[in-house]
């Protein structure tokens, strides 16, 4: 019992530390002149999920925000976009594993459905490379 309580205590302290870090990151981004709350929110998630430096996360979140332009996207679709922005082109299987790392769970079928929807909306493209299908974000020049 005592070990369990010690682990719970450690987890609570770790969670508090993560939340404090997130608050500091948001304050830093807001103080740097960023006025778009969505960019700050996405950057914060990227920093925590992918351990990115704040500047790189801000740059990627700006790109994501320009790409999705006020579209109503569910959490899975947003995570797909964020993952592709950070990691580059991925196969459906690789994308499913990456989304699973961030969200804790993901099915290949659901990821495939969301990718098809994002392709119809012009947010991602699917390319054939040999026998593999690679999903990638649509380039900004075409946005």
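The values are calculated or read from the model by the stated rules, or taken from the named source; none is laboratory data. Computed from a predicted model, the values in this text were never measured in an experiment. Note: ideal-geometry Cβ built from the backbone for every residue, glycine included; neighbour counts use all protein chains shown.
In the stretch 79-129, what residues are farther than 22 Å from residue 42 by Cα, in contact (Cβ under 8 Å) with a residue 24 or more places away in the chain and touching a strand residue (DSSP E or B) at 6+ places or on another chain (Cβ under 6 Å)?
91, 127
Per-residue answers, yes or no, for (1) under 30 Å from residue 27 (Cβ atoms); (2) surrounded by fewer than 17 Cβ atoms within 10 Å (Cβ to Cβ):
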site	(1), (2)
54	yes, yes
79	yes, no
83	yes, no
93	no, yes
100	no, yes
106	no, no
110	no, yes
117	no, yes
137	yes, no
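Restricting attention to the stretch 115-139, which residues are outside any strand (DSSP E or B), modelled with pLDDT of 90 or more and closer than 17 Å to residue 60 by Cβ? It would help to see each step written out before you state the result.
From the stretch 115-139, those outside any strand (DSSP E or B) are 115-123, 130-131, 138-139; that's our starting set.
Going one step further and asking which of them are modelled with pLDDT of 90 or more, we end up with 115-120.
Within the stretch 115-139, 118 is the sole residue that qualifies.
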